[in-house]
């Protein structure tokens with residue numbers, strides 16, 4: 001191995017400093033945009049391939065618990081049959097709930113479709129971050145704070161930062177993703193959701209007096225700018241209530257596997 | 001010469017896109033693998049230090065374009081990492097055995113994570129909480145290293161099979 005020349009090392013340091021300097025005075029912007037423009041289509045294709053591998057892996061893992069799942073599903077079907085009978089009697093109220101679910105179609109929100117080009121690579125594992133990079137940026141009208149939804153209209157995250165042709169978004173299970181939320185059908189029960197360890201979502205700042213039940217649907221409250229009310233966040237799986245606390249906490253499970261998402265819609269203001 | 005430069009650039013872009021798009025989305029510990037570091041170690045050992053530094057600069061530049069951190073974080077981290085890796089290669093792992101490569105990849109990727117974490121910590125004015133007592137932190141590092149080991153071994157034997165650069169050379173004594 002040849003001896004490293006100090007003069008050449010200085011040249012490399014100068015090149016690095018020059019690149020950083022040229023980036024900040026925006027001279028490199030056309031080059032950076034060109035790189036993104038060329039690489040994004042490949043990254044998009046490869047990421048969707050990787051997502052499908054991830055989905056099939058998770059599917060296989062799930063299959064191991066199939067017997068248990070069948071038993072649980074049978075139990076669930078019985079419960080749902082009872083619930084369905086009650087719901088039929090409440091058809092009038094259901095129209096309002098349907099309005100919530102179909103609000104996207106009814107209100108005709110403007111949205112931008114985007115593909116995920118990378119997930120988790122720029123996340124800090126020690127912080128349990130859940131970030132994704134999508135292939136649309138400020139040139140497509142995106143700005144920080146806009147909501148990311150999946151094909152069923154469920155909110156899955158929020159735009160955090162934008163560049164010209166790419167954006168960074170926090171998924172709803174990331175602790176940096178905070179959403180103003182409420183229990184569906186109970187407009188008075190409001191709180192703030194935030195990701196918990198990159199796995200679930202917790203809803204904080206819910207007054208003790210307000211009732212939260214298991215399996216309640218949690219939706220966005222509409223108190224945030226650019227995020228409309230009624231976007232489904234997930235279902236309550238656990239309620240933590242301490243007598244000596246002012247607030248109670250609910251653990252929410254997202255209803256879709258947001259880790260293997262490959263296409264998202266960004267709701268525009 | 002231009003042909004070689006274009007081939008190198010293609011190789012760098014391929015590794016970068018694989019890391020960015022494929023490995024980032026894979027389940028289990030596969031997502032924690034760092035093929036950029038592995039590629040740079042092989043370039044350092046099979047070619048020369050300066051080619052590896054150019055590789056590190058191009059990889060760093062590409063990562064900084066896609067990253068939303070302070071621009072230059074990856075450029076600096078990879079440059080410092082390749083200096084460290086060259087130091088290890090020259091001082092401790094002079095033979096080209098699979099054990100040397102495994103040790104080099106292990107130490108280099110740990111060093112890279114540490115440098116990256118340190119720069120991000122300084123850049124955020126100490127606001128990032130690095131949870132070294134968190135189990136997930138160590139589980140991620142463990143699986144990342146296991147996957148790096150497997151990729152390094154496969155690459156090592158593949159290169160040994162295809163090229164003579166990693167084959168052991170024996171000095172024969174002439175009486």
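The values are calculated or read from the model by the stated rules, or taken from the named source; none is laboratory data. For clarity, every value in this text was computed on a predicted model and none was experimentally measured. Every residue, glycine as well, gets a Cβ built from its backbone with ideal geometry; the counts of neighbours run over all protein chains shown.
Output the number of residues of the range A:240-269 satisfying the condition of being at pLDDT 85 or above and assigned to a loop (DSSP other than H, G, I, E, B).
Qualifying residue count for the region: 1.
What about residue A:151, is it in a loop (DSSP other than H, G, I, E, B), more than 30 Å from residue B:34 (Cβ to Cβ) and at pLDDT 85 or above? Quick ask: steps written out before the conclusion?
On the way: in a loop (DSSP other than H, G, I, E, B): yes; more than 30 Å from residue B:34 (Cβ to Cβ): yes; at pLDDT 85 or above: no.
No: the conditions fail for residue A:151.
Residue B:70 fails exactly one of the following numbered conditions: (1) more than 16 Å from the chain's Cα centre (by Cα); (2) under 29 Å from residue A:33 (Cα atoms); (3) in a helix (DSSP H, G or I). What is the number of that condition?
Unmet condition: (3).
Could we say that residue A:46 is within 14 Å of chain B (Cβ to nearest Cβ), under 20 Å from residue A:133 (Cβ atoms), at pLDDT 80 or above and under 23 Å from the mean Cα position of the chain (by Cα) here? Full working, then the answer.
Working: within 14 Å of chain B (Cβ to nearest Cβ): yes; under 20 Å from residue A:133 (Cβ atoms): yes; at pLDDT 80 or above: yes; under 23 Å from the mean Cα position of the chain (by Cα): yes.
Against the criterion (within 14 Å of chain B (Cβ to nearest Cβ), under 20 Å from residue A:133 (Cβ atoms), at pLDDT 80 or above and under 23 Å from the mean Cα position of the chain (by Cα)), residue A:46 qualifies.
Surrounded by fewer than 18 Cβ atoms within 10 Å (Cβ to Cβ) and assigned to a helix (DSSP H, G or I): is that true of residue B:59 in this structure?
Spelling it out, it is not the case that residue B:59 is surrounded by fewer than 18 Cβ atoms within 10 Å (Cβ to Cβ) and assigned to a helix (DSSP H, G or I).
Of all the residues that make up the range A:157-201, how many are touching a strand residue (DSSP E or B) at 6+ places or on another chain (Cβ under 6 Å) and under 30 Å from residue A:34 (Cβ atoms)?
Final tally of qualifying residues: 11.
Assess whether residue A:64 counts as being more than 14 Å from every other protein chain (Cβ to nearest Cβ), modelled with pLDDT under 75 and out of contact with any strand residue (DSSP E or B) (no Cβ under 7 Å at 6 or more places or on another chain).
Taking the combined requirement at face value, the residue satisfies it.
Got at least one residue in the range B:30-50 being within 26 Å of residue B:4 (Cα to Cα), more than 10 Å from every other protein chain (Cβ to nearest Cβ) and in a loop (DSSP other than H, G, I, E, B)?
Yes, some residue in the range B:30-50 is within 26 Å of residue B:4 (Cα to Cα), more than 10 Å from every other protein chain (Cβ to nearest Cβ) and in a loop (DSSP other than H, G, I, E, B).
Of all the residues that make up the range A:128-148, how many are without any contact (Cβ under 8 Å) to a residue 60 or more places away in the chain and part of a strand (DSSP E or B)?
Result for the range A:128-148: 2.
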